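Here's the structure, in structure tokens; my notes come after.
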Amino acid sequence: MEAIASLVAQLESRGVQFHQHPSRVNFSVKDTGDLLPEDTDRIGELILEREDELRSFLENRGATFGAFAAVFRSFVCRNHMPAGVLVWLKERAPHLYADITGRLPDLIQSLWEQGAPMEEFKAAVRRLEESHRAALGFYEACKKGKE
């Protein structure tokens, strides 16, 4: 069974909007041409079979999204990777490159989607930041060695 956050994100990316009412959750679609054939089944699953879970997700999303976004935005503002470092890193340290461009961002996304505890989310962002620092340090050390 797919996570509620993932289903909602997929549907919202194609113009579906969910609306909470005291007795039910409704939805609207800006342009049905943007929907995939399976989206009708996904909407039905959310509205008919998993409404309580959907309602809970929609209620909590606004309260927690800002806190998660603030943690990640702070990371982005503190970290800068000079042009060319990632290409260089891909060739010389593929494991570190994969951490920075795939494994850790995927983990962070998954934790956000699951509504994981904030400390777990912060720890994953710290690991990404540490990997960025390690990559930059490795790059600078190798660059100095060639001079």
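The values are calculated or read from the model by the stated rules, or taken from the named source; none is laboratory data. Everything quoted here is computed from the prediction, not taken from an experiment. Positions of Cβ are backbone-derived with ideal geometry, glycine not excepted, and every protein chain shown enters the neighbour counts.
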All positions within segment 119-147 that are modelled with pLDDT of 85 or more, farther than 30 Å from GLU53 by Cβ and acidic (Asp, Glu):
GLU129, GLU130, GLU140
Whichever residue in segment 15-44 is of a type in the set (S, T, N, Q) and over 24 Å from LEU111 (Cα atoms) and, among such residues, is surrounded by the fewest Cβ atoms within 10 Å (Cβ to Cβ)
SER23
Do you know which of the residues in segment 88-118 that are part of a loop (DSSP other than H, G, I, E, B) and within 29 Å of LEU54 (Cβ to Cβ) is modelled with the highest pLDDT?
PRO117
Does VAL85 count as farther than 26 Å from VAL16 by Cα, surrounded by 14 or more Cβ atoms within 10 Å (Cβ to Cβ) and at pLDDT below 90?
no
All-but-one check, ARG55 against (1) within 29 Å of GLU119 (Cβ to Cβ); (2) free of Cβ contacts under 8 Å to residues at least 24 places away in the same chain; (3) over 20 Å from the mean Cα position of the chain (by Cα), failing number (2)
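Quick check, is LEU96 over 30 Å from ALA141 (Cα atoms), free of Cβ contacts under 8 Å to residues at least 60 places away in the same chain and under 20 Å from the mean Cα position of the chain (by Cα)? Before the answer, list the steps.
Details: over 30 Å from ALA141 (Cα atoms): no; free of Cβ contacts under 8 Å to residues at least 60 places away in the same chain: yes; under 20 Å from the mean Cα position of the chain (by Cα): yes.
No; evaluated as a whole, the condition is false for this residue.
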Just one listed residue, out of PHE68, PHE121, PHE27, is in contact with a Phe, Trp or Tyr (Cβ under 8 Å, 6 or more places away or on another chain), part of a strand (DSSP E or B) and either farther than 30 Å from LYS143 by Cα or not acidic (Asp, Glu) (or both), and it is PHE27
Can you name the residue in segment 45-65 that is loosely packed, with under 11 Cβ neighbours inside 10 Å and not acidic (Asp, Glu) and, of all such residues, is modelled with the highest pLDDT?
LEU48
For segment 4-14, check the following and say yes or no: at least one residue is under 21 Å from GLY115 (Cα atoms), basic (Lys, Arg), surrounded by 15 or more Cβ atoms within 10 Å (Cβ to Cβ) and touching a residue at least 12 places away in the same chain (Cβ under 8 Å).
no
